[in-house]
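What follows is a set of notes on a single structure, which appears directly below.
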Amino acid sequence: MNIKEDLLNILKDTREYLLYLKETAVEELPAMNGETKQTFSGQVVYKAEDKAQKLNNLLAEIGDCRRCKLWIGRTNIVFGSGNPCTRLMFVGEGPGEEEDIQGKPFVGKAGALLTNIIEAMGITRDDVYIANVIKCRPPKNRNPEEDEISACRPFLEGQIEIIRPQIICTLGTFATQTLLDTKSRISELRGKKHEKNGCIIVPTFHPAYLLRNPQDKRLVWEDIKMIMKELGLKEKTKKKEITK
Ligand code: URA
């Protein structure tokens, strides 16, 4: 067979497939790169600029938020940062002291470890999107409370809805329990893939926990390898590169 014949066959097959879709009442194909469209199942797929714009709109909607009591002690709302068109999103718990000062997620000690983990995957922070369950720092970094999580939940869900990542890696108990709507322990939930609204959720331990419990870094590396496999990333780096 020559190339011309191959191409003609591909065109013929494509035509037949499109006619078949038309017969089965499919009116349009889901958006590929560069277009905002509604897919068959009603999901909206945003193009790159639209995603950035939608995220800005969502941030504007948060405004000078006083939906829960955390506004009293905050310096900055920590909305999220990274690539809105990513296939991989990380969700942490809430801003700490350094994040509150800089207005960016994961820029303190735990953030340095998260950066290390991301780079051990062969990618950078600019390739992923990072957000938190709650967007304001709780006093003395205490755990987020139910009312605070409920007040912030629509904004995290909004971010996920806009970005539509293939995988969300939830960091620690609060992110995992919030996104999986469960009270189960992180130690029971990690090590497996979960599915929610067409998105794969991979829970793992929080980097701040790892700073206190370095022996569990190898478990996190197992979770990260699962994500890399799912994304088709090759394992070039060694476990020790995220465990130092
Ligand atoms: N811990 C978190 O959960 N999020 C941050 O942004 C920083 C530390």
Item to complete: Take Trp71, Trp221 and order them by how many other Cβ atoms sit within 10 Å, fewest up front.
Response: Trp71, Trp221
Discussion item. As a quick test, which of the pairs Lys12/Lys234; Lys135/Lys192; Lys12/Lys225 have an alpha carbon distance above 30 angstrom in this structure?
Written reply: Lys12/Lys234; Lys12/Lys225
Discussion item. Against the empirical 2.2 N^0.38 Å scaling, what ratio does the C-alpha Rg of the range 70-139 come to?
Written reply: 1.08
Fill in: Ascending count of other beta-carbon atoms within 10 Å, so fewest first, for Thr14, Thr86, Thr176, Thr115
Thr14, Thr115, Thr86, Thr176
Discussion item. For the pairs Lys104/Lys140; Lys47/Lys104; Lys193/Lys229; Lys109/Lys217, flag any whose C-alpha to C-alpha distance is greater than 20 Å.
Written reply: Lys47/Lys104
Item to complete: Taking every pair of alpha-carbon atoms in the range 127-199, give the share separated by more than 18 Å as a whole percent.
Response: 40 percent
Item to complete: With only alpha-carbon atoms counted, please give the Rg and Dmax of the range 100-244, in Å.
Response: 14.7, 43
Discussion item. How much length would be gained if the chain were fully extended between Leu233 and Cys65, taking 0.36 nm per residue of separation minus their Cα-Cα distance, in nm to one decimal?
Written reply: 56.6 nm
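No value in this document is a laboratory result; all are computed from the given coordinates. Everything quoted here is computed from the prediction, not taken from an experiment. Cβ: placed from backbone, ideal geometry, glycine included. Neighbour counts: every protein chain shown.
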